[in-house]
Amino acid sequence: MLEVSQIRANRQQAIDALKKRHIDAEQTVNDVIGLDDKRKHAQFTLDQNLGEAKKVASEIGQMMKEGRHEEANSAKEKTSELKKYNQELDQELKQIEVDLKNALAGIPNTPHESVAAGRSSEDNETIRSWGKAEDASHATPHWDLAKTYNLIDFELGVKISGAGFPVYMGKGAKLQRSLIQFFLDQGEKAGYTEVIPPHLVNAESGFGTGQLPDKDGQMYHAVEDDLYLIPTGEVPITNIYRDIIVADEDLPIKNIGYTPCFRREAGSYGKEVRGLNRLHQFDKVEIVQLSRPEESYAALEVMVKHVESLLQQLELPYRVLRLCGGDMGFTSALTYDLEVYAKGQGRWLEVSSVSNFETYQANRMKLRIKSKDGEKRLAHTLNGSALALPRILAAVLENNCDGNEIKIPACLVPYTKFDSIA
RNA sequence: GGAGAGUUGGCAGAGUGGUCGAUUGCACUAGUCUUGAAAACUAGCGUGCCGCAAGGUACCGAGAGUUCGAAUCUCUCACUCUCCGCCA
């Protein structure tokens, strides 16, 4: 959620920045400022009236104490009208606050100045790439390899749950688990503290990181208990710090966590989503940072480098993209996507998304920093996949198969305890 | 799932209708004292909103209600603890 004070101070910049998302925010921004004006006025009037009511009440108390009952009774009668009026004002103020919050929550984050104004993934900018994306028209896609080598059973998953819920088996399961362990260990080396958060969250948490109300239909909802299955570890891990004031000297705060992720992916079908490319349940290791505003963009770069080092150790060719305004998530100010080249499909697969949300999530969550001299300000939040498992697994299988056996990348062998799948 | 007891500021813990946003202790910050530290003493020390400020206003788990007036009374919900039941 954008801050009203920022919108007021930089009204035109905000509108211009949102144009990169192809949103004309002029009307909404004016509405927000108008509602905020109304809110301030209503708050002022209410406070004044409450003060008056309070004064009368304490006077009555004094009269009662002194036994002046008649005076007290006549004063009581006079206050009833004031009381009624205050109730109306209170309702009015609450309504304005709800309207204002809804209007604000409906505005996406303002893109960073480096973000281009494109419309779709076509307009994303490739920042750099590593490794060679070999032509391999004869290479095999992972869904065939998974079957040949008995690593993943997609049909079995269909029986148990439905499409998009694969069953990993034997060395496939071990490889998956090894990747998770490798990612966690690398994160710990980079200074992240591991957490294992809940996999179901309440609506407040969903709102805090911005999944609600924007992406309501994309999450599984356990209606009976009004809990949502997490679409990413970002939600529970970032919400650890909801309604928290952190001491400046405790920053940056760096957490890493492995969680399964659940996404409804309503309406997806076709070869783009075949095999492991898009699932309803998948595993991911997520890194989250809370940062001082002036340090958040430096932190973002370091996070991207961390993800790159994982891909390099896995020897997977990749490229780093800076997303354009039209392709960027609702809550993000700047997002880098990392894509690996999957030889068997001849495609780039998105395996990580690293974002700086600036104060957008912090404002929703009321996550603040308190400096030594008592000054309070909103923190910046950042997160990134480090990494998302299924597509990494797909790329590892496709890129390391020589037609005979699949070689395990050296960095994983200490975890898998086998160096090839034959 | 059943029965009972609770939920107050960073922590502990008073407060059962009228200057209570809240006694006190600990922790924390600054100062005095000290060669330094400790101790002692002094002062400060929650959050939101309105306001240039002075100040005002709201918040005692959440929401609603009774009352001129609620931390205190009533109702609903959430959570915690104890006992019983069930269970990896």
Report summary line: Of the candidates A:A75, A:L89, A:H22, the farthest towards the positive dipole end of the stretch A:4-105 (Lys/Arg Cβ +1, Asp/Glu Cβ -1, centred on the Cα centre) is A:H22
Report task. Please work out, to two decimal places, the log10 of the ratio I(q)/I(0) at q = 0.07, 0.13, 0.14 Å⁻¹ from a Debye calculation in which every Cα of chain A carries one identical scatterer. Result -> -0.43, -1.15, -1.29
**Report entry** Share antiparallel - DSSP beta bridges, chain A, percent rounded to 5
**Finding:** 90
Report summary line: Helix A:26-65: inclination vs chain A longest Cα principal axis, degrees, rounded to 10, gives 40
Query raised in the report: Tell me, what HN-Hα J-couplings in whole Hz come from the Karplus equation 6.51 cos²θ - 1.76 cosθ + 1.60 at θ = phi - 60° for each residue of the stretch A:78-94, using x for Gly and Pro?
Result: 5, 7, 4, 5, 4, 4, 4, 4, 5, 4, 4, 4, 4, 4, 4, 4, 4
Query raised in the report: Which ³J(HN,Hα) values, rounded to whole Hz and listed in residue order, are derived for the stretch A:181-192 from phi using the Karplus coefficients 6.51, -1.76 and 1.60 in 6.51 cos²θ - 1.76 cosθ + 1.60 with θ = phi - 60°, glycine and proline given as x?
Result: 5, 4, 4, 5, 5, 5, x, 4, 4, 8, x, 8
Report task. Please give, to one decimal in nm, the separation of the simple spin-label points placed at A:H41 and A:V158, each 7 Å out from Cα toward the Cβ. Result -> 6.3
Query raised in the report: So, by mean Cβ neighbours within 10 angstrom, what's the order for A:86-92, A:11-17 with the highest one leading?
Result: A:11-17, A:86-92
Query - Unsatisfied cross-links (Cα-Cα over 25 Å) in the set A:K94/A:K254; A:K254/A:K407; A:K101/A:K366; A:K38/A:K76; A:K254/A:K372; A:K20/A:K370 - result: A:K94/A:K254; A:K254/A:K407; A:K38/A:K76; A:K20/A:K370
**Report entry** Under 18 Å from the A:S371 label point (7 Å along Cα→beta-carbon), backbone N, the stretch A:237-252
**Finding:** A:245-252
Report summary line: Computed for chain A: size of charge dipole around the Cα centre, +1 on C-beta of each Lys and Arg, -1 on C-beta of each Asp and Glu, debye to nearest 20, value 420
Query raised in the report: How big is the gap, in Å, between the Cα center of the stretch A:1-44 and the Cα center of the stretch A:342-413?
Result: 32
Query raised in the report: Got a sec? Charge dipole of the stretch A:109-207, +1 on Cβ for Lys and Arg, -1 for Asp and Glu; which of A:A133, A:P166, A:P197 is way out at the positive end?
Result: A:P166
Query raised in the report: In terms of Cα to Cα distance under 17 Å, which lysines are near enough to A:K78, apart from those fewer than 8 places away along the same chain?
Result: A:K54, A:K55
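What is the extension gain from A:E3 to A:I245, computed as 0.36 nm multiplied by their sequence separation minus the C-alpha to C-alpha distance, in nm to one decimal? Present the calculation step by step, with values, prior to reporting the outcome.
Working: separation 242, 0.36 × 242 = 87.12 nm, distance 1.74 nm.
Separation in residues times 0.36 nm, less the Cα-Cα distance, equals 85.4 nm.
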Query raised in the report: Once you charge only the Cβ atoms, +1 for Lys and Arg and -1 for Asp and Glu, what is the size of the charge dipole of the stretch A:4-105 about its Cα centre, to the nearest 20 debye?
Result: 360
Report summary line: Taking r as the C-beta separation of A:R119 and A:D144 and R0 as 25 Å, the FRET efficiency to the nearest 0.05 is 0.10
Requested in this report: Using amide H atoms built 1.01 Å from N in the peptide plane, name the residues 5+ places from A:E194, or on other chains, whose amide H lies under 5 Å from its own.
Outcome: A:I256
Requested in this report: Using the charge dipole of chain A (Lys, Arg: +1 at Cβ; Asp, Glu: -1 at Cβ; taken about the Cα centre), state which of A:A422, A:L397, A:V246 has its Cα farthest towards the positive end.
Outcome: A:A422
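Each reported figure results from applying straightforward, stated rules to the coordinates on display, with no laboratory input. Everything numeric here is computed off the predicted structure, so don't read it as measured data. Neighbour counts are summed over all protein chains in view; Cβ atoms, including those assigned to glycine, are modelled from backbone coordinates with ideal geometry.
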